[in-house]
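Below is the structure I would like to discuss, written out as structure tokens.
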Amino acid sequence: MKAFLLPLMLALPSLALAASDPVTAPADPVLEKVTAATKKQDWASAQAMLRDALAANPQNANYHNLYAYSVRKGANPDMNLVFKHYNEALRLDPKLKGAHEYIGEAYLQVGNVAKAKEHLAQLDKLCFFSCSEFSDLKKAIADYEQQKR
């Protein structure tokens, strides 16, 4: 009987804590539409949606990050605009891992490996255990350096 009760007693505090935590955050309809557009590589639609979203909510770091991403992925990207919005995303949320990854990739696009590595170092600090943003940027840097040899 004691063998049965001990695991149950150890689990009760975590069950009570889990019950008080929200299960999921409410979905952001803008991000859902942008995700659908980016999956289709419809960069112009993603940019238009995010421009409107930023006009209504200029303090949203995710909107700045994804706007910069959609500009960067589109035809003839304005890299000044790209860096402006990635930097704004990071000013609003310095721990936004996706922005560190994407700005690092943008720096590779313009040939600035040193700046890409600065953001990789930031991700190394932010990711207690390895995270996909760190792994993806590390691979992008390695691929870039391999191509330059």
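What follows draws every value from the coordinates through simple rules; no lab data is involved. This is a predicted model, so every value here is computed, not measured. Cβ placement follows ideal geometry from the backbone for every residue including glycine, while neighbour counts extend to all protein chains displayed.
Would you mind ranking SER130, SER70, SER45 by Cβ crowding within 10 Å, fewest neighbours first?
Taking fewest neighbouring Cβ atoms as first place, the list is SER130, SER45, SER70.
Still on this structure: Excluding residues on the same chain fewer than 8 positions from LYS139, give the lysines whose Cα lies under 29 Å from its Cα.
Counting by Cα, and skipping residues close in sequence, LYS139 has these lysines nearby: LYS33, LYS39, LYS40, LYS73, LYS84, LYS95, LYS97, LYS115, LYS117, LYS125, LYS148.
Under 1.5 on a/c is rounded, so check that first for the stretch 69-149, then, if it is not, pick prolate when a/b is larger than b/c and oblate when it is not; a ≥ b ≥ c are the square roots of the alpha carbon gyration tensor eigenvalues.
oblate
Order these peptides, 119-125, 30-36, by their mean beta-carbon neighbour count within 10 angstrom, highest first.
So the peptides 119-125, 30-36, ranked by packing, come out 119-125, 30-36.
Another question, then. Calculate the FRET efficiency for CYS127 and ASN76 from the Cβ-Cβ distance with a Förster distance of 30 Å, rounded to the nearest 0.05. Intermediate results must be reported in sequence, preceding the final value.
On the way: r = 33 Å, r/R0 = 1.10.
Given R0 = 30 Å and the Cβ-Cβ separation, E is 0.35.
So for the stretch 30-93, considering every pair of alpha-carbon atoms, how many percent are separated by more than 16 Å?
Values: 737 of 2016 pairs.
Summing the P(r) of the stretch 30-93 above 16 Å gives 37 percent of all pairs.
Where the centroid of each part is defined by its Cα atoms, how far is the stretch 79-149 from the stretch 36-76 in Å?
First find each Cα centre; the distance between them is then 18 Å.
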